Amino acid sequence: MENKRPLILVSNDDGFTAKGISELIKFLRPLGEIVVVAPDAPRSGSGCALTVTTPIHYQLVRKEVGLTVYKCSGTPADCIKLARNAILERNPDLVIGGINHGDNSATSVHYSGTMGVVIEGCLNGIPSISFSLCNHQADADFSPAHRYVQQIVSAVLKDGLPELVCLNVNFPDMPSYKGIKVCEQAKGFWQKEWETCPRENGKKYFWLTGEFTIVDSDNVNSDNWALRNGYVAITPTTVDVTAYHYINQLKATLAAE
């Protein structure tokens with residue numbers, strides 16, 4: 001392992017064979033030594049889930065100068081824990097998740113395995129970035145994101161990120177972008193989330209589906225607005241979920257009881 005170049009740990013939730021992670025590797029190769037530890041199959045929607053009831057394992061897939069790729073039987077968060085504790089000889093300078101097939105804007109951040117990658121990195125004091133494209137197709141075109149990925153990664157390698165803050169970056173599905181907007185998370189909710197899938201024995205089975213409703217569609221500061229209008233949306237995301245603005249009110253409410 002080359003100690004002179006930045007060590008970039010990469011994972012995703014679409015699996016190690018996904019086009020998104022392959023394209024990400026190409027974009028990152030000039031910027032550092034790349035180690036990929038990614039799920040051996042899709043793990044979309046796994047969030048920060050950990051494997052606790054069965055052992056996990058990993059296997060070397062590819063090794064060449066500046067790039068090592070492993071596949072792992074666990075979740076995206078498992079991949080980062082395993083890499084840090086059992087595979088890497090030193091702590092990574094950067095953790096990157098993606099590029100995800102499908103956006104992770106608005107409240108999707110809470111379900112995303114891609115964000116699970118960077119949250120795990122962030123919790124361990126490592127600058128971490130998630131990249132996602134608003135296209136679920138297996139053969140999606142990631143090329144417009146190339147220079148933006150390099151720009152954002154280079155900036156974070158140079159300047160770092162604040163403690164407990166990671167970056168959630170989403171790209172619109174367009175042939176070119178108007179630029180970058182630093183955004184806040186759009187507000188919204190999912191509805192009509194299950195579609196029945198009947199079986200012969202009469203029991204009902206369900207496929208996860210859903211329609212996302214944006215509450216603040218006119219908010220020009222939101223990631224959803226930026227994506228709809230052709231901008232790369234960067235949402236600085238904190239993993240400290242304390243509702244600081246409510247602490248004093250809650251104290252007063254409890255004291256009044």
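The values are calculated or read from the model by the stated rules, or taken from the named source; none is laboratory data. Since we're looking at a predicted model, the values are computed, not measured. All Cβ positions, glycine included, derive from the backbone under ideal geometry; neighbour counts span all protein chains shown. All accessible areas refer to the heavy atoms of the entire protein, side chains included, with ligands and DNA or RNA removed. Shrake-Rupley method; radii C 1.70, N 1.55, O 1.52, S 1.80 Å.
Annotations for the structure displayed:
- Scan of the stretch 221-241 for residues that are open to solvent by 70 Å² or more (accessible area, probe 1.4 Å) and part of a loop (DSSP other than H, G, I, E, B), ordered by number: ASN221, VAL241
- Count of the stretch 138-169 residues which are open to solvent by less than 20 Å² (accessible area, probe 1.4 Å), touching a Lys or Arg at 6+ places or on another chain (Cβ under 8 Å) and farther than 21 Å from PRO30 by Cβ: 1
- Filter result for GLY15 (on the phi > 0 side of the Ramachandran plot, part of a loop (DSSP other than H, G, I, E, B) and either touching a Phe, Trp or Tyr at 6+ places or on another chain (Cβ under 6 Å) or loosely packed, with under 13 Cβ neighbours inside 10 Å (or both)): no
- Qualifying positions in the stretch 231-257 - small (Gly, Ala, Ser) and touching a helix residue (DSSP H, G or I) at 6+ places or on another chain (Cβ under 7 Å): ALA233
- In a residue-by-residue description of the stretch 170-187, the property of being of a type in the set (Lys, Arg), surrounded by fewer than 22 Cβ atoms within 10 Å (Cβ to Cβ) and in a helix (DSSP H, G or I) applies to no position.
- Residue match in the stretch 194-206 (condition: outside any loop (DSSP other than H, G, I, E, B), open to solvent by less than 90 Å² (accessible area, probe 1.4 Å), farther than 30 Å from ILE34 by Cβ and in contact with a Gly (Cβ under 6 Å, 6 or more places away or on another chain)): no
- Any hit, the stretch 208-230, residues being modelled with pLDDT of 85 or more, among the hydrophobic types (A, V, I, L, M, F, W, C) and in contact with a helix residue (DSSP H, G or I) (Cβ under 9 Å, 6 or more places away or on another chain): yes
- Looking only at residues of the stretch 27-55 that are open to solvent by 30 Å² or more (accessible area, probe 1.4 Å) and touching a residue at least 40 places away in the same chain (Cβ under 8 Å), we find that the one that is farthest from THR114 (Cα to Cα) is PRO30.
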